[in-house]
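Here is the structure we will look at, set down as structure tokens.
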Amino acid sequence: APGCADAHWLLARIAVDRGDYQDEARHLQWMIDFARRAQDGDRQWYAKVGLAYSSALRAVDVSLAQWQTVFEAALPDAHPGVRAMICAWFGACAALQSDFGRSVTFLMQAYELAWDTGQIRDAIRNAANLGDGFSNLNDHQSALDWMQRGLETARAMRWPVSIAISLGQTADVLRHLGRLDAAQELLDEALQALNPLGVSRSYAITLEYLGDLALDRRDYATALKYFGQLQQHADTLQQFDFQTSAWRGQAHALSQLGQVEAALKAAHDALALAEKQQDAFAQISILQV
């Protein structure tokens, strides 16, 4: 039974890379069933946190309502590997609510626990998300340090998806620092690595970074193309953070292309969604547009 639980965990992670979150949920539920038969509490927790993480990306308020009290009670006595995942969930939820200081605090714990328990892929993801958090706090040097730490580990492991995620987020920090050509090179490499996974969250993140880079380059037609593709991915994945970014980016590009009415509609749609999700950071970006 523990081996079957582990097999479903692996299949769930593969489903995530493919952008198939319904398949992920099925495998995680099967993992819980097999772990319960084996009376293995740790494996049950792994699956539950996996379900919670995916739900947070779709509706963070719903995920918090369902899991926050449960995880707060479990956190002190949980296995270090489980604690790493719970801390990563708390960090993700805080970031989705624009509380980046709280997010960084949890993600640092998640990174250390994941590294110490041999969850290297999760450690790479946590390093990349830490970089994103510091970037949103306008501490771009700390952001770059964390991004490079994750990228070096990913390259050493030769994992294409982890490399691509680290490349994309490093590129976005370089964009903030005004190093647009260097950012473009990294994003081109990331997109090439992710082409086989064109419906994944990682691919969608890269589209968002490419769109923002095109806006900084004042290449508004290209930006509109990337944000239009991001909109399609957001609808497929049903993840609100991409939906708000897609509408925000399209509104910006359309306004610069002289399509004022279409730009206003996109901006209002983005703002309504960001307000519904209580995403203050997104609201500020949209209001600026």
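The values are calculated or read from the model by the stated rules, or taken from the named source; none is laboratory data. Predicted model only: the values in this text are computed from it and were never measured. Ideal geometry is used to build each Cβ from the backbone, glycine not excepted, and the neighbour counts take in all protein chains shown. What goes into the accessible areas is simple: the full protein's heavy atoms, side chains included, and nothing from ligands, DNA or RNA. Shrake-Rupley method; radii C 1.70, N 1.55, O 1.52, S 1.80 Å.
Projected onto their three principal axes, the Cα atoms of region 108-167 cover extents of 29, 23, 13 Å, largest first. Note on the chain: with a GNM built from Cα contacts shorter than 10 Å, the maximum mean-square fluctuation among His27, His233, His268 falls on His268. When its C-alpha radius of gyration is set against 2.2 N^0.38 Å (N residues), the chain gives a value of 0.99. Here is the list for region 114-166: trypsin sites (Lys or Arg not before Pro) lying in DSSP coil, each with at most 13 other C-beta atoms within 10 angstrom of its C-beta, are Arg158.
Exactly which trypsin sites (Lys or Arg not before Pro) in region 208-279 are in a DSSP loop and have at most 11 other Cβ atoms within 10 Å? All intermediate terms of the calculation are to be shown ahead of the outcome.
Values: sites: Arg217, Arg218, Lys225, Arg248, Lys265, Lys276; in loops: Arg217, Arg218.
Loop-located and lightly packed - Arg218.
For region 111-230, the alpha-carbon coordinates run over 46, 33, 18 Å along the three principal axes, in decreasing order. For region 177-250, the solvent-accessible area with a 1.4 angstrom probe is 42 square angstrom per residue.
Sorted by accessible area (1.4 Å probe), largest first, how do Met85, Met108 line up?
Accessible-area ranking of Met85, Met108, largest first: Met108, Met85.
Would you mind checking the tilt of helix 41-58 against the longest principal axis of the Cα atoms of the chain, expressed as 0 to 90 degrees and rounded to 10? Tilt of helix 41-58: around 20 degrees.
A Förster distance of 35 Å, applied to the separation of the beta-carbon atoms of Asp181 and Asp23, puts the FRET efficiency at 0.35. Sorted largest first, the principal axis extents computed over the alpha-carbon atoms of region 1-43 equal 30, 14, 13 Å. The Cα trace of region 71-128 gives Rg and Dmax of 10.5, 29 Å, the first to one decimal, the second as a whole number.
Determine the shape class of region 32-96: with a ≥ b ≥ c the square roots of the Cα gyration tensor eigenvalues, call it rounded for a/c under 1.5, and otherwise prolate if a/b is greater than b/c, oblate otherwise. Prolate, because a/c is 1.5 or more and a/b exceeds b/c. Helical content alone sets the calculated 222 nm signal of the chain at -28000 deg cm²/dmol, taking -39,500 (n - 2.57) per DSSP H segment of four or more residues and averaging over every residue.
For the chain, the longest principal axis of the alpha carbon atoms and the long axis of helix 240-256 meet at an angle near 10°.
Running Debye on region 179-227 with equal point scatterers at the Cα sites and no solvent, what base-10 log of I(q)/I(0) appears at q = 0.21, 0.22, 0.25, 0.31 Å⁻¹? With one equal scatterer per Cα and no solvent, log10 I(q)/I(0) is -0.68, -0.74, -0.91, -1.16. Dividing the C-alpha radius of gyration of region 39-160 by 2.2 N^0.38 Å, with N its residue count, gives 1.03.
For the residues Ile120, Ile32, Ile284, a 1.4 Å probe over the protein chains yields an accessible-area ranking, largest first, of Ile284, Ile120, Ile32.
For the pair Asp6 and Asp77, what calculated FRET efficiency results from E = 1/(1 + (r/R0)^6), where r is the Cβ-Cβ distance and R0 = 30 Å, to the nearest 0.05?
Given R0 = 30 Å and the Cβ-Cβ separation, E is 0.85.
Among Leu191, Leu28, Leu264, the residue with the largest mean-square fluctuation in a Gaussian network model of the chain, with springs joining Cα atoms closer than 10 Å, is Leu264. Per-residue 3J(HN,Hα) values for region 140-151, derived from phi via the Karplus relation 6.51 cos²θ - 1.76 cosθ + 1.60 with θ = phi - 60°, read 6, 5, 4, 4, 5, 4, 5, 4, 5, 4, x, 5 Hz in sequence order (x marks Gly and Pro).
Summarised in one figure, the compactness ratio Rg/Rh of region 202-261, Cα atoms and Kirkwood Rh, is 0.96. Here Lys265 is the anchor, and the lysines within straight C-alpha reach of less than 18 Å, apart from those fewer than 8 places off in the same chain, are Lys225, Lys276. The calculated FRET efficiency for the pair Lys265 and Leu287, based on their C-beta separation and a Förster distance of 22 Å, comes to about 0.90.
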